[in-house]
Amino acid sequence: MDLTNAIKISASGMRAQGTRLRVVAENVANAESLGNTPADDPYRRKTITFENEINRKLNADMVRVSKIGRDQGDFRIVYEPHHPLADEKGYIKMPNVNTLIEMTDMREAERSYEANVSVIESSKSLIERTLELLRA
């Protein structure tokens, strides 16, 4: 495989993981975002799905974001009778965001991103060494 193709493949992984980091950041930022009225739903956690993409020009499998969706899981219910958005029983609906899970996803995306950066750096180094050999 051509080293420039390895760089392009890793770049597709970096784009996908960068989008994943953005989605996680949105979830963390909205972990306490409520609706405007007691009847409104709070923020619903975003999810991301990747898919394999065949690049016939490079003859390689790439990764891309296929969908950014919404987690249809249940909202957390918290008893806060004095909250302005509490229902008649004193409960409020909280977003279905678990910050511990989001932070774990963030670390995993970060590691995948860094692995792709390492592949690009290694490929670049090999290309530079090849050029040096050809010049000699």
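The values are calculated or read from the model by the stated rules, or taken from the named source; none is laboratory data. Predicted model, so just to flag it, every value in this text is computed and none were measured. Neighbour counts are summed over all protein chains in view; Cβ atoms, including those assigned to glycine, are modelled from backbone coordinates with ideal geometry. Remember, those area values only see protein heavy atoms, side chains included, never the ligands or the DNA or RNA. Shrake-Rupley method; radii C 1.70, N 1.55, O 1.52, S 1.80 Å.
Would you mind telling me which numbered condition in (1) in contact with a Lys or Arg (Cβ under 8 Å, 6 or more places away or on another chain); (2) open to solvent by 70 Å² or more (accessible area, probe 1.4 Å) ASP71 fails?
ASP71 satisfies all of (1) in contact with a Lys or Arg (Cβ under 8 Å, 6 or more places away or on another chain); (2) open to solvent by 70 Å² or more (accessible area, probe 1.4 Å) except (2).
Could you pull out the residue among LYS57, LYS67 that is on the phi < 0 side of the Ramachandran plot and part of a loop (DSSP other than H, G, I, E, B)?
Just a single option satisfies the conditions, and that option is LYS57.
Regarding ALA115, is this residue small (Gly, Ala, Ser), assigned to a helix (DSSP H, G or I) and either on the phi < 0 side of the Ramachandran plot or in contact with a helix residue (DSSP H, G or I) (Cβ under 6 Å, 6 or more places away or on another chain) (or both)?
yes
Please verify whether the stretch 24-43 includes one or more residues that are acidic (Asp, Glu), at pLDDT 90 or above, open to solvent by 30 Å² or more (accessible area, probe 1.4 Å) and under 23 Å from GLU114 (Cα atoms).
Scanning the stretch 24-43 turns up at least one residue that is acidic (Asp, Glu), at pLDDT 90 or above, open to solvent by 30 Å² or more (accessible area, probe 1.4 Å) and under 23 Å from GLU114 (Cα atoms).
Considering only residues that are farther than 29 Å from HIS82 by Cβ and free of Cβ contacts under 8 Å to residues at least 24 places away in the same chain, which ones fall in the stretch 27-54?
THR49, GLU51, ASN52, ILE54
Restricting the search to the stretch 1-54, which residues are touching a strand residue (DSSP E or B) at 6+ places or on another chain (Cβ under 8 Å), closer than 24 Å to MET103 by Cα and in a helix (DSSP H, G or I)?
Across the stretch 1-54, the qualifying residues are SER12, GLY13, ARG15, ALA16, THR19, ARG20, VAL23, GLU26, ASN27.
Which one is nearest to SER125 (Cα to Cα) among residues in the stretch 1-23 that are basic (Lys, Arg) and open to solvent by 50 Å² or more (accessible area, probe 1.4 Å)?
LYS8
Restricting attention to the stretch 81-136, which residues are polar (S, T, N, Q), over 15 Å from the mean Cα position of the chain (by Cα) and loosely packed, with under 13 Cβ neighbours inside 10 Å?
SER118, SER125, THR130
Taking the stretch 89-136 as the search range and keeping residues that are charged (D, E, K, R) and in contact with a Pro (Cβ under 9 Å, 6 or more places away or on another chain), which one is farthest from THR19 (Cα to Cα)?
So the residue we want is LYS89.
Among all residue pairs at least 6 apart or on different chains, which show Cβ distances below 6 Å where the first residue, located in the stretch 56-83, is of a type in the set (Lys, Arg) and the second is part of a loop (DSSP other than H, G, I, E, B)?
Close Cβ pairs (under 6 Å, with a partner that is part of a loop (DSSP other than H, G, I, E, B)) amount to ARG70/ARG44.
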